[in-house]
Amino acid sequence: MEHKQIFTSALTIMLVLSIVMFMANQPSASACTVSLGKKIKFDMELSPKVPLFNSTKDGQFYPGSPKITKNLEVKNVGDDPFRICRFNAAFHGNTHLADGLQMEILELGKGRGEKPNLLYNGTLSSLAEGVEVDGKSAVPQGKSVTLQFTVWMPETAGNEYQGLTMTADIAVTVRFPPAK
Amino acid sequence: MRKILTAIFVIGLVATMAGAGIYAYFSDTETSTGNTFTAGTLDLKLSGISSNGPWSDGVTGTWTLANMMPGDETPTASVYFKNFGSVASSTMEITCNYTVTEETPRAGSDTDPNTDQHPDDMAEHMIITTMIYRNDHVDINCSTGYDSYSKQTKDEWKVNDANGDGKISLYELKLDPLVLPSPDTQPDKVAQLDMSIKFDENAGNDFQGDTFNLTMIFTLKQ
């Protein structure tokens, strides 16, 4: 009998603990709204829809070659604000080239004088595993945020990258709700 | 009883952690596809024939002396350079390397049967008598570093006389590589090196029967 009481108590404690932890992890506003049955659309679009980097137009990389900078607009076409939270990339072709290229990703400010927010600075190849980032802006419905991608080959890069060509698919992930 | 409690706690803990682990925010991912990145090339090719080629990654037997004796000299021979890469270079480095092969069987008159182990000694007696780097727009005497076309003199254009004997040897070229304007900096993108080599009159019996194997090294740099 005594064993049964102890067992019941322990089970209750664990159940309460599990519920508390689950609740603590819950995002507040928007997800709750969904649970109440209101349909909310989460969606974004990238612009331009054509590849950002095109070696035929941009030219070829060599150690110390000029940096190539392109802007990508991320527009909120859903109903709820979002925030940039992750980048990752998939490479095709001579993927070793990704080790020899550096990439910087900035989240540009909305107005003049607002400093850009550095989201990522590292080798292109490191994006293969994905990187979590903290977007500065919560982008409201109908608005957009501009990401500036800069790619270059450092002066220290060696001959191992000569003549290599690769293609990269760069993925941007946003999260709802935007709370950090 | 203690075992039961422990088991319950472990199960509960695992369940709780699993619950927390699988939790995720809603998210959306879009991809910019088909971005292309290409690295350029520097691809120096040589011709031992003419400024019009044929071009290859190396030439052989440009300077040869058979049965050479002290005072013998090669004819002036030329090597032509052209960059077939996609990236322009700014300089070309010229240096050399060498080995010595001892004769077999050993000649009794060869007073140093181990020159192959210290080839620099023989290289010091291989004297560069002519070394001109030129095309229609540059004419550098690599003994003096003077370009008669631009009327400029630069230290990096000449082989330094390290031992101050008034002669420029292959040993000194190895010690102090030349850094010359790349063929890419010239309008016609081609340059040539004219060179002749003399076996020093003062070379002694140490080198009798020995073979000097010279490799000239040309490197394009950005």
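The values are calculated or read from the model by the stated rules, or taken from the named source; none is laboratory data. All figures in this text were calculated on a predicted structure; none of them were measured in a lab. Positions of Cβ are generated from backbone atoms using ideal geometry, with glycine treated the same way; all protein chains shown enter the neighbour counts.
The condition of being surrounded by 16 or more Cβ atoms within 10 Å (Cβ to Cβ), out of contact with any helix residue (DSSP H, G or I) (no Cβ under 8 Å at 6 or more places or on another chain) and farther than 19 Å from residue B:33 by Cα holds for only one of A:76, A:121, that being A:76. Within the stretch B:150-176, the residues that satisfy the criterion of being over 20 Å from the mean Cα position of the chain (by Cα) and either loosely packed, with under 13 Cβ neighbours inside 10 Å or in a loop (DSSP other than H, G, I, E, B) (or both) are B:150, B:151, B:152, B:154, B:161, B:162, B:163, B:164, B:165, B:166, B:167. With respect to (1) under 18 Å from residue B:28 (Cβ atoms); (2) crowded, with 20+ Cβ neighbours inside 10 Å; (3) of a type in the set (A, V, I, L, M, F, W, C), the lone exception for residue A:101 is condition (1). Only one entry in B:65, B:42, B:46 is closer than 30 Å to residue A:98 by Cβ and among the aliphatic types (A, V, I, L, M), namely B:42.
Total residues in the stretch A:46-81 satisfying the condition of being facing chain B (nearest Cβ under 7 Å) and part of a strand (DSSP E or B): the figure is 3. Here A:127, A:118 are screened, and the one residue that is of a type in the set (A, V, I, L, M) and in contact (Cβ under 8 Å) with a residue 40 or more places away in the chain is A:127. Among the residues of the stretch B:178-210, the ones that are surrounded by 16 or more Cβ atoms within 10 Å (Cβ to Cβ), of a type outside the set (A, V, I, L, M) and at pLDDT 90 or above come to 6 in all. Of note, residue B:69 does not satisfy the criterion of being of a type in the set (A, V, I, L, M) and either surrounded by 12 or more Cβ atoms within 10 Å (Cβ to Cβ) or under 19 Å from residue B:216 (Cα atoms) (or both). Counting only strands (runs of 3 or more DSSP E) that sit completely within the stretch B:16-111, those holding 2 or more residues that are in contact (Cβ under 8 Å) with a residue 12 or more places away in the chain correspond to B:44-47, B:77-83, B:91-101. The test for being surrounded by fewer than 16 Cβ atoms within 10 Å (Cβ to Cβ) and under 21 Å from the mean Cα position of the chain (by Cα) does not hold for residue B:47. Evaluate the stretch B:50-64: report whether one residue or more is in contact with an Asp or Glu (Cβ under 7 Å, 6 or more places away or on another chain) and over 28 Å from residue A:165 (Cα atoms). The answer is no; no qualifying residue exists.
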